[in-house]
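Taking it in order: structure first as C-alpha cells, then the write-up.
The values are calculated or read from the model by the stated rules, or taken from the named source; none is laboratory data. The shown structure was predicted, so the numbers you read here are calculated from the model rather than taken from an experiment. Cβ coordinates were reconstructed from backbone atoms using ideal geometry, including for glycine residues, and neighbour counts include every protein chain displayed. The accessibility values were calculated without ligands, DNA or RNA, using every heavy atom of the protein model including side chains. Shrake-Rupley method; radii C 1.70, N 1.55, O 1.52, S 1.80 Å.
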Amino acid sequence: MYNKSEVLEYVRSEDVKFIKLAFCDVFGVQKNISILASELERAFEKGISFDASSIDGFTDVVKSDLFLVPDPSTLEVLPWRPSHGKVVRMLCSIMKPDGTPFESDSRYILKEAVKYAESFGVSASFGAEVEFYLFNTDEDGKPTKIPFDDATYLDIAPFDKGENIRREICLTLEDMEIYPEISHHEAGPGQNEIDFRYSDPLSSADNTVTFKSVVAVVAAKNGVAASFDPMPLENEVGNSMHINISLSDASKIPSFIAGVLENIRGITAFLNPTVESYSRLGKGKAPKYVTWSRENRSQLIRIPADTDNRKRFELRSPDPLANPYIAYALLLYAGTEGVKKKLLLCEPCDLNLYLAPESVMSRIESLPMSLEEAVAEAEKNEIVKKYLPQAYCDALKGRLK
C-alpha cells in the first residue's frame, strides 16, 4: 500500500523504466497507457489524457478528453517483464478536465457504493471463484475450439494438462501479492478454476481484473489460449464467476440476501452482460430461479457449510465477463437496501431444482433468460437508475444490435 512519494522513490531506486496506467471500460475490459518513468510525477499531479470516445460506454467525440490519475496504493511489478528496466502497473482514477471524477469510471462507482453501505453499518468482504477454459492454438497462434485436455472435475496429471499452467498463474499472482486460495481442474474439458481469498470490495475487484490479465499472459506463454466466455463450448458446462460475500455483522446477512433477491432481476444484465451469458443460465449447475438455500448448488444463492465460523453466502449466477466493480457495487446497493428496510428473508428452497417437477418450478420466479429481457429489467430497477449512469445500459443495448 504505497503512497505517492513512496512510488516515486521506488521507481527511481528500482530501475523502473515503464509505468502502465490501467483502467477498465464499462464492460470490465482492462485498458492501459504506458508512460516513461520520467512522466510519472506529471501523471500524479495532472493526469495523462486519452481519447475517451474510443472506449466503450465513455464519451462521444464532442467532449472526448479524460485523464488517468494513478492510484499509488495499487502499484504492482509485472513479474513477466524484464527484471532490469522493470515495468510496473497502477490502476487509475478517471477524471474530467475540471478535476472531478468521471461518472462512468466503474472503480469510482464501487468506491461510492462501499461508502454508501458503510454509512448504514454494512461492511462487506468479497471473494471471487473464477472459471476459464484453456484451448489449443493453431499454427498462427490463434485460439481454436480444441480444449487443452479432456480431464474432468478434480482430475490429476497427466489427464489434467492445465496443472502446471495453474501453478504458474498462482505463483505469478503471489509475486504480485495477490493470494489465491484454491486451484483445480473443473468439470469441462480444458476448464479450470482459481478461487481467491476474501478481501474488501475494491481490492477484490482489482484482484479479479488483474487475475484475468495474468491468466491470459501465462496461457499465451505456454502456447495456449484462455477463454472466460460464459459458454465457449456449446455442449459443455459454462464458465462462472461465483461471488462470495461475508459481512462483519453476520446478523445482517438475512436482510442483505433479501435485498439481493428483491433486486436480482434488475441487476442481472450487469452480472451476465453478453448475449451468450444466457445460454449458460439454467444449464449444468448454473442457476435459473430466484431462490436460496443452505449448501444446495442448484440455487441462485447458497450458504456454504463452513468449519472456520466464516459466515458467507455465494451468488452463483454471475459469469467472468461481468465487470467486477459494477457487479460488486450493485450487490452492495441491493443488499444495503435490504438491511435499511429490514427485509425478511423468504423461506429456503430446499429442493434439487434440476429434478423438481414443472408443477413446482412454474410457481418460482426465474432470472431473465435473455440479455434483451435483462436490459429491460435493468432500466426499470430503482438501484440501477439511481446509481449507474445511463451509459451502462446503453452499452449493453448496443450488444443487442
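Given 0.36 nm per residue, what is the gain on full extension from residue 249 to residue 1 after removing their alpha carbon distance, in nm? All intermediate terms of the calculation are to be shown ahead of the outcome.
Working: separation 248, 0.36 × 248 = 89.28 nm, distance 2.61 nm.
So the extension gain works out to 86.7 nm.
Leaving out ligands and nucleic acids, note down the accessible area per residue over the stretch 156-233 with a 1.4 angstrom probe, in whole Å². Provide the component values of the computation, followed by the final result.
On the way: 3110 Å² over 78 residues.
On a per-residue basis, 40 Å².
At a Förster distance of 30 Å, what's the computed FRET efficiency of residue 376 paired with residue 283, Cβ-Cβ distance as r, to 0.05? Mind dumping the intermediate values first?
Numbers: r = 22 Å, r/R0 = 0.75.
Using R0 = 30 Å, I get an efficiency of 0.85.
When the scattering of the chain is computed by the Debye formula from its Cα atoms alone, each counted once and equally, what is log10 I(q)/I(0) at q = 0.07, 0.09, 0.12 Å⁻¹?
After summing over all Cα pairs, the log10 values are -0.33, -0.55, -1.00.
Subtract the Cα-Cα distance of residue 181 and residue 64 from 0.36 nm times their separation in residues, and report this length gain in nm to one decimal.
Roughly 38.0 nm would be gained on extension.
Round to a whole number: what % of the accessible area of the stretch 229-337 belongs to carbon and sulfur, probe 1.4 Å? Mind dumping the intermediate values first?
On the way: 1440 of 3380 Å².
The value for the stretch 229-337 is 43 percent carbon and sulfur by accessible area.
Determine which aspartates and glutamates satisfy two conditions relative to residue 311: a Cα distance under 12 Å, and not lying fewer than 8 residues away in the same chain.
Candidates past the 8-residue exclusion: 249.
To the nearest 0.05, how large is the calculated FRET efficiency for residue 80 and residue 340 if R₀ is 56 Å and r is the Cβ-Cβ distance? All intermediate terms of the calculation are to be shown ahead of the outcome.
Values: r = 45 Å, r/R0 = 0.80.
About 0.80, to the nearest 0.05.
Whole number in Å², please: accessible area per residue of the stretch 297-401, 1.4 Å probe, ligands, DNA and RNA not counted. Don't skip to the answer; put the middle values down first.
Working: 5080 Å² over 105 residues.
Result: 48 Å² per residue.
Show that you can apply the helix-only estimate: for the chain, add -39,500 (n - 2.57) for every DSSP H stretch of four or more residues, divide by all residues, and state [θ] at 222 nm to the nearest 500.
Calculated from helices alone, the mean residue ellipticity at 222 nm is -10000 deg cm²/dmol.
Starting from 0.36 nm per residue, how many nanometres of slack lie between residue 365 and residue 171 once their C-alpha separation is accounted for?
On the way: separation 194, 0.36 × 194 = 69.84 nm, distance 4.26 nm.
Between residue 365 and residue 171, full extension yields 65.6 nm more.
Work out the charge dipole of the chain with +1 on the Cβ of Lys and Arg and -1 on the Cβ of Asp and Glu about the Cα centre, then indicate which of 110, 90, 172 is farthest towards its positive end.
It is 110, whose Cα lies furthest towards the positive end.
Please work out the average accessible area per residue across the stretch 1-117, using the 1.4 Å probe convention, and give it in Å².
Values: 5700 Å² over 117 residues.
Here the residues of the stretch 1-117 average 49 Å² of exposed surface.
Which links in 4/63; 142/285; 31/340; 288/380 stretch past 25 Å when you go from one Cα to the other?
Numbers: 4/63 29 Å; 142/285 30 Å; 31/340 36 Å; 288/380 20 Å.
As for pairs spanning more than 25 Å Cα to Cα, those are 4/63; 142/285; 31/340.
Within the chain, which whole H helices from DSSP have a Cα span along their axis of at least 15 Å and a mean Kyte-Doolittle hydropathy of 0.0 or more, if any? All intermediate terms of the calculation are to be shown ahead of the outcome.
Numbers: long enough: 106-119 (20 Å, -0.53); 163-175 (18 Å, -0.62); 201-221 (30 Å, 0.70); 253-271 (24 Å, 1.24); 324-340 (23 Å, 0.65).
Length and hydropathy pass: 201-221, 253-271, 324-340.
Ignoring ligands, DNA and RNA, what percent of the 1.4 Å accessible area of the stretch 71-184 is carbon and sulfur? Walk me through the intermediate numbers first.
Working: 2870 of 5610 Å².
Roughly 51 percent of what the probe reaches on the stretch 71-184 is carbon or sulfur.
Please report how far the C-alpha centroid of the stretch 23-75 lies from that of the stretch 282-360, rounded to the nearest whole angstrom.
For the stretch 23-75 versus the stretch 282-360, the Cα centre distance is 35 Å.
Which of rounded, prolate, oblate describes the stretch 331-401, given a ≥ b ≥ c as roots of the alpha-carbon gyration tensor eigenvalues and a/c under 1.5 marking rounded, otherwise prolate only if a/b is larger than b/c?
Numbers: a/c = 3.45, a/b = 1.33, b/c = 2.60.
It comes out oblate by the Cα gyration axes.
Report, ordered by chain and residue number, the aspartates and glutamates lying within cross-link reach of residue 221, taken as a straight Cα distance under 16 Å and ignoring same-chain residues fewer than 8 apart.
Once the sequence-local aspartates and glutamates are set aside, what remains near residue 221 is 138, 139, 140, 163, 168.
Can you figure out the FRET efficiency of residue 347 with residue 145, using R₀ = 51 Å and their beta-carbon distance, to the nearest 0.05?
Calculated transfer efficiency: 0.75.
Find me the longest stretch of the chain that has none of the exposed GluC sites (Glu not before Pro), where exposed means in a DSSP loop (not H, G, I, E or B) with at most 15 other Cβ atoms within 10 Å.
Numbers: sites that count: 14, 103, 139, 177, 234, 295, 365.
That would be 15-102.
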